[in-house]
Structures are given as C-alpha cells and as structure tokens.
Amino acid sequence: MELPSPRRVSRLQEDDEAAGEGIGRILALSDGVFAIAITLLVIQIALPATAEADVLPSALLRLWPRYLAYVLSFLVIARFWVAHHLAFRLIARYDSMLVWLNLLLLMFVAFLPFPTAVLGEHLAAPPAAVLYATAVGLTSAASAGFWWYSSGRSWLLKSGLDPLQVKILRARSLAGPVFFALTLPLAAYAPYAAEAAWTVGFPLARTAVVRYVTARSQQSRGSGEHR
C-alpha cells in the first residue's frame, strides 16, 4: 500500500481544518439567528400602557393568546434548532449551495416572530392562522432542503454512517412541510382546530413517520438477508 507523501498529508490536514473552521462559522451564525428569534418571541408579550394595578390580574389573564403563541413558536423554533444541530453533527464538509440553503433556513427562522405576534393578537382569525401555518411550513421545507442536499448526490456527510439513519432523517424532515401544508385548509376555516393540531398532532405525525420508515427499512433489510 502506497503511503501519502508528507506534503499530501499536510494538505489534507489543512483542508480538514479549513472545513472545520468554515462549519464552525456557519454554526455560530445559525445559533445566533436562532437565539435572537427565540428572544424576540417574548417581546411580543406586553401589557397595555393603560393597565392599572387594580386590574393587573385580569390584564395578565387576557394575554393568554400571546402566551399560547409564544409557547407554540418556542417549541417550533427549538425543534428546528435541534434538527439543525443534529444535522451538522453528521455533516463533514460544505459547499456554496449548502451555505445558501442554510441562509434560506435562517431567513425563515428570523421571520417567525412576526406571524407569532399576529397569531397572538388574532388567535381566532383565519388569516393569522394561515399566515402562521405558511411561515412554519416554508421554514420546514427549507430545513428539509438543506438536509436532503447534504445527504443526497453531493454527500457532504461523514463516512461510515448507517444508511438507515440517513433514510429516517430524510423522511422525518419531510413531515414538517407536508403536515403544515395539510393544515392550511383547517387554519382557513377552523383556526383553533389547526392550532390544536400544531401543538399535539405534529409531534405524533413525526413519530408515526419515523416508525413507519424504520419498520419498512428493517423489513426490506430482513427480506434481503433471507434471499
């Protein structure tokens, strides 16, 4: 077996360090955007300037739609951050397309506080629910896009990964855009039902997708071994 020359080894090490530094910068920018987006959510919760001390309890209770919108969006953005964090634990290198896809995701994440504020102000209004579902659906699509690109033909992932794990993550990334697209008609006619579906139904839908893909993959793997 021919060993690489010292110059070749040095070049490989430099490339690895450059890739690691570049991914570190991508993650630093991404974490900053996620942190700011989550922080901006709470700014939308504010008491009216005319609220007096004697009516403070009732004024605080009347803010419950904003509390609900805050919790919902906090969980949504947290889910995107966790997915982003886990994806970059598997990504070993990057190219310009991945950088732009990541920036597209960050653009939608930074926008989420606005539909959250609209939903908190108009919880029962169909336009507010449709705006929120559209915003989260587009963010989910962007999140799925950069993962599908990095795990597709370009294969920017680490070597030696379990193909089943990659397949499950690819399928799970599609659960968000599909689910929120399906809830758009519900948001247009029954906003409260759509909001309940986002809170309860979405985690169940993602779990169902993962279990289905895992079962099918294991079944296919078992069938291949018995042949």
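The values are calculated or read from the model by the stated rules, or taken from the named source; none is laboratory data. Owing to the predicted nature of the structure, the values given are computational and were not obtained by experimental measurement. Note that we place each Cβ from the backbone using ideal geometry, even for glycine, and neighbour counts take in every protein chain shown.
Residue pairs whose Cβ atoms lie under 8 Å apart, separated by 6 or more positions or on different chains, with the first residue in the stretch 58-77 and more than 18 Å from Ala197 (Cβ to Cβ) and the second crowded, with 19+ Cβ neighbours inside 10 Å and of a type in the set (Ser, Thr, Tyr), are Tyr70/Thr116. Condition check for Pro113 on (1) surrounded by 16 or more Cβ atoms within 10 Å (Cβ to Cβ); (2) out of contact with any helix residue (DSSP H, G or I) (no Cβ under 6 Å at 6 or more places or on another chain): one failure, at (2). From the list Pro163, Pro185, the lone residue that is at pLDDT below 90, exposed (fewer than 15 other Cβ atoms within 10 Å of the Cβ) and out of contact with any Gly (no Cβ under 8 Å at 6 or more places or on another chain) is Pro163.
Listed by position, the helices (runs of 4 or more DSSP H) inside the stretch 123-206 whose residues that are of a type outside the set (Lys, Arg) and under 28 Å from Ala92 (Cα atoms) number at least 1 are 126-150, 163-182.
In the stretch 145-166, the residues that are closer than 16 Å to Leu104 by Cβ and without any contact (Cβ under 8 Å) to a residue 60 or more places away in the chain form Cβ pairs under 8 Å with partners that are surrounded by 14 or more Cβ atoms within 10 Å (Cβ to Cβ) and basic (Lys, Arg), at six or more places apart or across chains, as follows: Trp148/Arg170. Residue-level analysis places Leu169 outside the set of residues that are in contact with a helix residue (DSSP H, G or I) (Cβ under 7 Å, 6 or more places away or on another chain) and surrounded by fewer than 16 Cβ atoms within 10 Å (Cβ to Cβ).
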